[in-house]
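Right, one structure below, let's go through it.
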Amino acid sequence: MHRQVLVSLARGMRRPAVSGPAPSNFRRMSSLADLVGLEPENGVLSPDVLTKCKLGDDQQDLNRFFEISDEDLKKSFPEGVGEDLDIFFKSVKRNVLLVRQPALDVIRDLKCLQDGGDAPQIAVLSSAQVRGKKGSQIDTERGVGKSATLLHAVHWARAQGFLVLHVRSARLVSHGGWWILPSNDPTKGDFDQPQVAKSILQEFLAAHRDLLATLPETLKDTGEASEETTLADLCERGLESDEQATPAVASLRIELAKVTSVPVLVAVDDYNCLFESTDHSYRNAEVPPERLTLVRALRGLEADGSFQAGKAGPGQLGYPPLQRGMILAAETDKYPRDRKRDYKGVGGAGSALRGLGRANGAVKVVEVGKFSPAEFDVCCALFGESGLVKDLDIETKSGMKLKTQLNPKRVAQAALLLQR
C-alpha cells in the first residue's frame, strides 16, 4: 500500500520543466485538508523528537521539534502562519516547528541585538544556488522551509520582547488591495494601498499594542517632535480612514528606525516580490513597484541587491536603517515572474546573492536547504509517534526519501498521503 502511494507521490510532485504555475495535481496535493480530517492518534512524543525548550533557541535543540501552545500561537502570530503550516499542525495534532541550523543562525544575530551588540542590517533567507561561469544562473527550490525559519525567528523575537513588524507575504503588498490611490504625501511615495496598509496596522497592533503604547511618536505630520502621542496612536490614526492608512505605515517604518529602547525586527516573507512587476496601473499606465509607498517602506535592498541605506528620489524622504534592529527577509520562487516586465538586476531569489559584494557587509545571506538525513529521521519519528503514519518501516522510509529528495514540504505531503 505504502509503495503504491509513493509511486503516485513521485508522479504528482514532478516539477514543471519551465517556470510558471504548478500543474493542477501539484496544487491539489498542497491542500490536503480532507486527509487531515482522518484524525490521527495524539501520541506522546519522546525526548529525541520534542525538546522541552519552549523557544527552540539552543544548539542542543538542533534536529528536534519545539511546541507552541494554542494560546501562544494566537498571541505570537495574529497574522497567521500560512496554509501549509496550518495543515501540518493539524495533521500531527501539535503546533511544532523543527529546530534547524538556519533559524539558530538568525536567532544568534537577534541575541546580539538584544545584548546591545552588532548584527547585519538585513538577513536574507535564500535557497538560491549560483551556477554558471559568471554566476549568471540561479537555481532555487520551493518548499525547503524559508517561511518556517522566518516564523521561528518571529516567535522567538516576540517572546523575548522585540518589537516585530511581521509581513506574512510581500506578494500581498506588491499585488494586493482593491485599488491604489495617488498619495496625499508624495514625500513617502506616489501611490497608496489603503486596504493592505490597514491590514498591516491591525496585525501590528494585535501583536504589540501594549508595547507600542509606551513608545513616543517622534515624527508628526507637521514635522515637529511630540511626546504626547505614541506609536499605538499612530497606528490607530491610520485605521481611521483610507487616506491616512498608508502614510501611517510609512511613518511607522521611519519611527521603527529610531527605536532603541527595545530591539526591532522587521520580518518580510516572499521578499523578492517587492522588486518584481505589480498588477497595478493608473491612467492606463503600469505602476512599477518603487512607486508604491508600502513597497518602498518595506524594502531594505535596492534592485541590484545593495543595501538601501535611506536612499530616496528627489524630494522624497528615505527610510533609514534600523538603529537597533534587523530586517529578516525570506525569498520565494513560488510565483512565476514576468521576465520581460521585471527590472534588470532583479534576479528573483538570487538578487541578494548577486548584490552581496556591494552591500559593504550590511547584508547576510542565510542558506536554507533540503532536510539533512538527521532532520528527515526526526520528522519520520514525529509522524510515527503522533499517530499520523503507522508502520513506517525502513523500506517505506527509503522510498519516501528517494521520491521526495528530502524536500521538507514534499516530505510532509508524503506523510499525509501515507496516512491513508
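The values are calculated or read from the model by the stated rules, or taken from the named source; none is laboratory data. Note that the structure is a prediction, hence the values are computed from the model and not measured. Using ideal geometry, Cβ is built from the backbone for each residue, glycine included, and neighbour counts are taken over all protein chains shown. Surface accessibility is based on the protein's heavy atoms, side chains included, excluding ligands, DNA and RNA. Shrake-Rupley method; radii C 1.70, N 1.55, O 1.52, S 1.80 Å.
Just a few scattered comments:
- For V259, the residues whose amide H sits under 5 Å from its own are Q323, ignoring neighbours fewer than 5 places away on the same chain, with H placed 1.01 Å from N.
- Amide H to amide H, with H built 1.01 Å from N, A329 comes under 5 Å of A123, V124, L125, V268, counting only residues 5 or more places away or on other chains.
- Y335 versus S372: modelled label distance in nm, points set 7 Å from Cα along the beta carbon direction: 3.3
- Accessible solvent surface per residue of the stretch 45-181, calculated while the other protein chains remain in place, 1.4 angstrom probe, Å²: 44
- With all protein chains in place and a 1.4 Å probe, the accessible surface of the stretch 139-217 carries 52 percent carbon and sulfur.
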